[in-house]
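In what follows, a structure is listed as structure tokens, so that the remarks can point back to it.
Just so it is clear, none of the values below were taken in a lab; they were calculated from the coordinates. Everything numeric in this text was worked out from a predicted model, so none of it was measured. Cβ sites come from the backbone with ideal geometry, for glycine too, and all protein chains shown count toward neighbours.
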Amino acid sequence: MKSIKLYNIDLSEDSSSLAWFIKHFSSLAVFHLKCISCPGFEDLVKALSCCKELQELSLEIFKLNTEQIITLTQSLKSLSHLECLKLSGGSEMTQRGDLIVQLLPSFPSLHTLQMDSCLNNDSLHILAQAAKAGHLLRLRKLLLNDNYTVTDLGWRRFFEGLDNLGQLSSLSLSRGNSVSPVDPGEETIQVLVRAVSRMPCLRFLSLVGWFSKEEDTKLVRALEESHSSLVGIDLHVVDFQPPDQIKILILKGIRSVFDSTFT
């Protein structure tokens with residue numbers, strides 16, 4: 001067996017059995033797992049570390065704790081043939097995503113990297129440094145969606161350092177419509193444009209959820225004319241509306257100010 005793909009399954013009782021199963025397929029090349037939680041996660045990734053020929057790893061598990069992330073990091077060190085790495089995390093992964101990013105030089109054949117809800121300002125900066133140092137020369141797809149804790153400054157530092165991605169064809173930095181947009185400053189937009197100009201093979205750029213005003217997208221949209229290979233930019237502008245509970249709190253705050261001022 002060369003490929004195992006498991007989506008939306010309940011591993012609350014069977015994760016140890018899955019780990020035992022994987023140990024008997026050391027020639028495994030592809031492993032995908034999507035689930036809410038995986039109690040035996042440490043045993044599972046230790047078993048995966050025995051699959052020295054693994055080329056594609058996708059883990060969408062949204063309740064990893066720090067110890068599990070550390071175990072994942074240690075296991076990834078054994079997978080030097082990885083060509084595709086896709087991870088989706090939660091709050092703990094966001095805080096410890098740097099542990100994963102620091103391993104990128106260990107994957108010289110990596111052509112696809114996806115780290116959704118995994119990064120903060122510091123780990124994003126480390127990723128840019130890895131690219132600039134020439135550790136991601138074969139990368140064709142870079143997907144960093146829903147990294148909500150990254151600030152405007154964090155994105156600016158990322159774009160400033162991002163380089164040596166000559167084969168990159170797809171870059172996605174999108175955000176969900178239910179959160180406030182980045183609304184990057186002019187300086188951040190300028191360094192983004194310069195970073196994209198250093199990617200000669202880039203064909204698709206996704207910045208969904210970045211802007212709340214159409215007029216702020218002009219510089220980025222102009223890339224479709226100035227960039228020789230870019231054929232598509234997704235810049236869906238977000239008309240962000242706070243959730244009802246937040247609206248209520250805002251209204252209460254306004255009323256309290258009004259009452260204290262005029263009574």
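Backbone amide hydrogens, once placed in the peptide plane, bring Ile4 within less than 5 Å of Val30, Phe31, His32, excluding anything fewer than 5 places away on its chain. Couplings 3J(HN,Hα) of the stretch 158-171, computed from phi: 5, 5, 4, x, 5, 7, 6, 10, x, 9, 5, 10, 9, 10 Hz, in residue order, whole Hz [Karplus 6.51 cos²θ - 1.76 cosθ + 1.60, θ = phi - 60°; x for Gly and Pro].
Couplings for the stretch 44-49, taken from phi via the Karplus curve 6.51 cos²θ - 1.76 cosθ + 1.60 with θ = phi - 60°, read 5, 6, 5, 5, 5, 5 Hz in order; Gly and Pro are left as x. Against the chain, whose longest principal axis is taken from its Cα atoms, helix 66-76 shows a tilt of about 50°. The charge dipole of the chain, taken about the Cα centre with unit charges on the Cβ atoms of Lys, Arg (+1) and Asp, Glu (-1), comes to about 600 debye, rounded to the nearest 20. Of the trypsin sites (Lys or Arg not before Pro) found in the stretch 147-212, those in coil by DSSP whose Cβ has at most 15 other Cβ atoms within 10 Å are Arg198, Arg203.
Within the set (i) 1, 5, 12, 16, 19, 19, 15, 9, 3, 1, 0; (ii) 1, 5, 11, 15, 17, 16, 14, 11, 6, 3, 1, 0, 0, 0, 0; (iii) 1, 6, 12, 16, 16, 14, 11, 9, 7, 4, 2, 1, 1, 0, 0, 0, the number that P(r) over Cα pairs in 5 Å bins from 0, in percent takes when calculated for this structure is listed as (iii).
Among Leu230, Gly89, Leu219, whose Cα lies farthest out toward the positive end of the dipole of the chain, if unit charges sit on the beta carbon of Lys, Arg (+1) and Asp, Glu (-1)? The Cα lying farthest towards the positive end belongs to Leu230.
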